[in-house]
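Asks: Let me begin by handing over the structure; questions about it come next.
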Amino acid sequence: MPVQQHDNTLILTHGKSNTKIFFYGATIVSWKCPDKRHPDESIERLFCSSKAALDGSKPIRGGIPVVFPCFGAPAHPDHMALSQHGFARNSVWKWDGKAVTDDDHSVSVHLTLEPTPEITEKYKKPFHLTYVVTLTEYELSTDLHVKNTSTSTAYPPDNLEFQALFHNYIRAPANQVLITPLKGLKYFDKVDTSFDGLKTEERAGVDVRNSTDSVYENAPGSYEVTWPGGGISIKTKALKDVVVWNPQAEAGKKIGDMEDGGWERYVCVEPGYVRGFEKIEPGRVWVGHQTLSVIHEERRLNL
Ligand code: TA6
């Protein structure tokens, strides 16, 4: 069966590849697939902490949490009552019971989220979210459709202003990863609290051997995360920014649901619209997209 429901999760299977999605947060917690160097192995490509709460009591520490409508602490007047990274990652999404595509090429499902009494208590704007997860032989794609369901015809328009981001925890040897191409981009360094402005990235390949929490703006939209023996490429649409995060031991030990040494086993590379706010008028839909692809051959920068 290409799509199977097990209690509060969905498992999508396509050939030797599979992915597991919790209805809670629509969080993908696992993506396994072979690559051309290991054609018979289904290798885990995402990191999920063994201490992650999977009972809906808090956002899942790992996989691909969906960040909406605010990134980090709320900064927009419409978001002020929300917690860090918004409500999408800790709300229960719905599935209509169908596989959208199930053919030789891919399997795909749609999950949806609409205002619930718990959300409306803290967030007054009308919206409809559809999250499309698509699995192919070597790729995992996620699309977030955000609709402004306001029917107001008033002027100024009842716009929906939001941020959105895919918080990818990519399984990788953190001390050996390089992320490209970010050289020349402006970024906000959340670790260096002594500096308030934007820095310019000087490195051809960005590493996370020191605690890193960098928000790059107006980024190219296509990235490679590589390490000796492996790599993942990320291609995006409508997500102009990208965040690179790894807390390393000093900050990682303070994260209650992070497994011991977990920061050594992942790097977060998170495409999003997070510097400023995306804006859509009543009735309009915005779609943010990413495709994660396995890199089959050695592709390291000579630095
Ligand atoms: O995306 C990076 C970041 O915003 C970091 O600042 C770090 O706090 C991380 O997300 C995890 O946030 P969380 O709320 O899941 O603990």
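Asks: Which one is nearest to the ligand (Cβ to nearest atom) among residues in the stretch 76-89 that are more than 19 Å from K147 (Cα to Cα) and either free of Cβ contacts under 8 Å to residues at least 40 places away in the same chain or outside any loop (DSSP other than H, G, I, E, B) (or both)?
Replies: Per the stated criteria, the residue is Q84.
Asks: From the list T212, T180, which one is closer than 17 Å to F47 by Cβ and hydroxyl-bearing (S, T, Y)? Step through it out loud before you land on a result.
Replies: Working: T180 fails: closer than 17 Å to F47 by Cβ.
Step by step, each of T212, T180 is checked, and only T212 is closer than 17 Å to F47 by Cβ and hydroxyl-bearing (S, T, Y).
Asks: Would you check which residues across the stretch 286-303 are β-branched (V, I, T) and either over 20 Å from the mean Cα position of the chain (by Cα) or in a loop (DSSP other than H, G, I, E, B) (or both) and list them? Full working, then the answer.
Replies: Of the residues in the stretch 286-303, the ones β-branched (V, I, T) are 287, 291, 294-295.
I295, the sole residue that qualifies.
Asks: Condition first: in a loop (DSSP other than H, G, I, E, B) and not β-branched (V, I, T). Now tell me which residues in the stretch 90-104 satisfy that.
Replies: From the stretch 90-104, those in a loop (DSSP other than H, G, I, E, B) are 91, 93, 96-100, 103-104; that's our starting set.
Listed by number, the residues that qualify are S91, W93, D96, G97, K98, A99, D103, D104.
Asks: Whether any residue in the stretch 154-170 is hydroxyl-bearing (S, T, Y), in contact with a strand residue (DSSP E or B) (Cβ under 7 Å, 6 or more places away or on another chain), in contact (Cβ under 8 Å) with a residue 12 or more places away in the chain and over 25 Å from G72 (Cα atoms) is what I want to check. Even if it seems obvious, please write down each step before you answer.
Replies: Looking only at the stretch 154-170, we keep the residues that are hydroxyl-bearing (S, T, Y), and these are 155, 169.
Applying the additional criterion that residues be in contact with a strand residue (DSSP E or B) (Cβ under 7 Å, 6 or more places away or on another chain) yields 169.
Adding the requirement that they be in contact (Cβ under 8 Å) with a residue 12 or more places away in the chain leaves 169.
If we keep only those that are over 25 Å from G72 (Cα atoms) as well, we get none.
No: zero hits.
Asks: May I pose another question? Name the single residue, out of those in the stretch 184-203 being closer than 27 Å to G262 by Cβ and aromatic (F, W, Y), that is surrounded by the most Cβ atoms within 10 Å (Cβ to Cβ).
Replies: Across the stretch 184-203, the extreme among qualifying residues is Y187.
Asks: Something else now. Within the stretch 88-109, how many residues are within 17 Å of T13 (Cβ to Cβ) and not acidic (D, E)? Walk me through how you get there before you give the answer.
Replies: Keep residues of the stretch 88-109 that are within 17 Å of T13 (Cβ to Cβ), which gives 95, 97-109.
Okay, now just the ones that are also not acidic (D, E), so 95, 97-101, 105-109.
Qualifying residue count for the region: 11.
Asks: I would also like to ask the following. Please go through (1) within 23 Å of K124 (Cα to Cα); (2) buried (at least 21 other Cβ atoms within 10 Å of the Cβ); (3) within 16 Å of the ligand (Cβ to nearest atom) for W93 and return the number of the only condition it doesn't satisfy.
Replies: Here W93 clears every test but (3).
Asks: Step by step: first the residues of the stretch 61-75, then only those that are farther than 13 Å from K190 by Cβ and among the aliphatic types (A, V, I, L, M), then the one that is nearest to the ligand (Cβ to nearest atom). Which residue is that? Talk me through it step by step, then tell me what you get.
Replies: Going through the stretch 61-75, the residues farther than 13 Å from K190 by Cβ turn out to be 61-70, 74-75.
Okay, now just the ones that are also among the aliphatic types (A, V, I, L, M), so 64, 66-67, 75.
Working: I64: 12, V66: 12, V67: 8, A75: 13 Å.
Applying the filter and picking the extreme gives V67.
Every number in this text was worked out from the coordinates using simple rules, so none of it is lab data. Just so you know, these numbers come straight off a predicted model, no measurement behind them. Methodologically, a virtual Cβ is constructed for each residue, glycine included, from the backbone with ideal geometry; neighbour enumeration extends over all protein chains shown.
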